[in-house]
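Derivation of every value follows stated rules applied to the coordinates shown; laboratory data play no part. Quick caveat: nothing in here was measured; it's all calculated off a predicted structure. We place every Cβ from the backbone using ideal geometry, glycine too, and count neighbours over all the protein chains shown.
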Amino acid sequence: MINRILRIGLIFILLILLQVLLFNNIQFSGYVNPYIYIMFILLLPFEIPAWLLLIISFLTGFTIDVISGTPGMHSAATVVAGFVRPIVLRVISPREGYELSPNPSMFIYGFRWFLIYASIIVFIHHTTLFYLEVFRLADFFRTILRVILSTAFSVTFIVLLEYIRKGK
Amino acid sequence: MRNLLNFLAKYNHLIVFIILEGIALYMLGTANNYHNTRIVRGIRSVTSNFEKRVNNTRSYFQLRTISQSLSRENASLRSTIDRISPNAEQLFFSVTDTIRHQHYTYTSAEVVSNSVNRQKNFFTINKGKLQGMSTDMAVISDGCAAGVIVGCSNNYSVAMSLLNIDFKLSARIKSNGYFGSLSWDGKDYRTVILNEIPQHVTFGIGDTIETTGYSAIFPEGITIGTVKHFEKSGGDFYKIEVSVANDFRQLRFVNVIGNLLREEQIGLEKQFQ
């Protein structure tokens, strides 16, 4: 138990550092801003209670907010992601359920499952985040393009990180 | 209570979600300059439209107060004009000239009771002795003759309306200056009768009838109405029906005109009668 919590804490710190030091500095042509710290929400164990998940989501977003100087923006988006995670898990659950492993993992539940799972949650997170960032509907289609491109990049990086995590 | 607890237990995640999301959005709205500005602007564009409507309505209800203050201002302006230019032909005068006197004073008042359907109509205004009213002051409404004050209490005055069969006023035809005596025949509240205009005088329907100033009550040149109809009434005079300019049913804001030189004029005239 202690081991698992430590493990989760380590993932948290690594993802935050990666996000802040590396991915926050990536910006292809103003349309692509990958946010991979959301992977932390994806990797939390299945049996975590909904309220705890929400609080962890809030704290994650808040940490990013504090570091990148955007109070409330990432918190709001991450809380939304934390809120939809149980719903998404219920909808896309495999036939045999989540018995095989307590953590969502690409290598146990399959690449396809993980891709759908990550895509949906990252897309919801990015939609909330980018619309809160521009905070108007005037540039609706420009923003949706940013959301889609950034989601693609974020999911790609998350899948790569998942490979690295297993390879270690 | 039990149901409430069950409800809370069942939807705890939803409640936590709403609270956390609320905190996040609150931070977003207050801590970020850009978001704050946009929220305020968004809210203001909604409320300003609403406020404009409310304001419109409110100003409609304030029309009464507004017109009162305008009428007060009007009266004070008339007073000022009269003080500055006592008469037009005297173009140059010294400011300290002791011969120059203010001739008329103007005070605004509001009609508090009125009648038009009796033979002897009076109306009451909300200014009295304490506000400087006295008997034999002229009352005009919209610059047109309305009546003469016949009695004052401390805060109210009663004026004899133009529509009173006892009312007599010296009036003239504006275009040629022939004057006669104006009175009411007690029939129609929109019509008064001008008598004693000789038959050789030419005038037409629509000519303006105004006061002469001979009575030392009304200043000269106050409009009374226009000629509606005339006929030869035996003798050598016309009987002219004058449609009055004021609608006496709607008499509301009036100006009271006091003649400061009245005593002097009456006193002098009495010596020769």
Exercise. By count of other Cβ within 10 Å, fewest leading, how are B:SER134, B:SER113, B:SER183, B:SER157 ordered?
Worked result: B:SER113, B:SER134, B:SER183, B:SER157
Seminar exercise, completed: Exposed-loop cut sites defined as chymotrypsin sites (Phe, Trp or Tyr not before Pro) in DSSP loop states with at most 10 other Cβ within 10 angstrom; longest site-free run of chain B spans B:93-271
Seminar exercise, completed: With DSSP loop assignment and no more than 11 other C-beta atoms within 10 Å, the GluC sites (Glu not before Pro) in the stretch A:75-163 are A:GLU96, A:GLU99
For this session: Report, largest value first, the span of the C-alpha coordinates of the stretch B:107-273 along each principal axis, in whole Å.
Result: 49, 40, 23
Problem set entry | More than 18 Å apart - percent of Cα-Cα pairs taken over the stretch B:2-60 | 62
For this session: Could you tell me how many degrees, from 0 to 90 and to the nearest 10, lie between the Cα long axis of helix A:2-17 and the main elongation axis, the longest principal axis, of the Cα atoms of chain A?
Result: 20
For this session: Return the sequence-ordered ³J(HN,Hα) values of the stretch A:75-89 in whole Hz as given by the Karplus equation 6.51 cos²θ - 1.76 cosθ + 1.60 applied to θ = phi - 60°, using x for Gly and Pro.
Result: 4, 4, 5, 6, 4, 4, 4, x, 5, 7, 4, x, 5, 4, 4
Problem set entry | Karplus 3J(HN,Hα) series, Hz, for the stretch A:62-72 with 6.51 cos²θ - 1.76 cosθ + 1.60 (x for Gly, Pro) | 5, 4, 4, 4, 4, 6, 9, x, 10, x, x
For this session: List the residues whose amide H sits under 5 Å from the amide H of B:SER175, counting only those 5 or more places along or on another chain, with H placed 1.01 Å from N in the peptide plane.
Result: B:THR208
Problem set entry | Student exercise, the protein assembly as shown dipole from Lys, Arg, Asp, Glu Cβ charges, in Debye to nearest 20 | 2140
Problem set entry | Alpha-carbon Rg with Dmax, taken over the protein assembly as shown, Å | 44.9, 132
For this session: Report, in degrees rounded to the nearest 10, the 0 to 90 angle that the Cα long axis of helix B:63-84 makes with the longest principal axis of chain B.
Result: 40
Seminar exercise, completed: Helix B:33-61 sits off the longest principal axis of the Cα atoms of chain B, rounded to the nearest 10 on a 0 to 90 degree scale, by 30
For this session: Within chain B, what's the longest run with no GluC sites (Glu not before Pro) in a DSSP loop and at most 16 other beta-carbon atoms within 10 Å? Give the range, please.
Result: B:90-219
Exercise. Can you give me the Cα centroid spacing of the stretch B:183-200 and the stretch B:29-49 in angstrom?
Worked result: 69
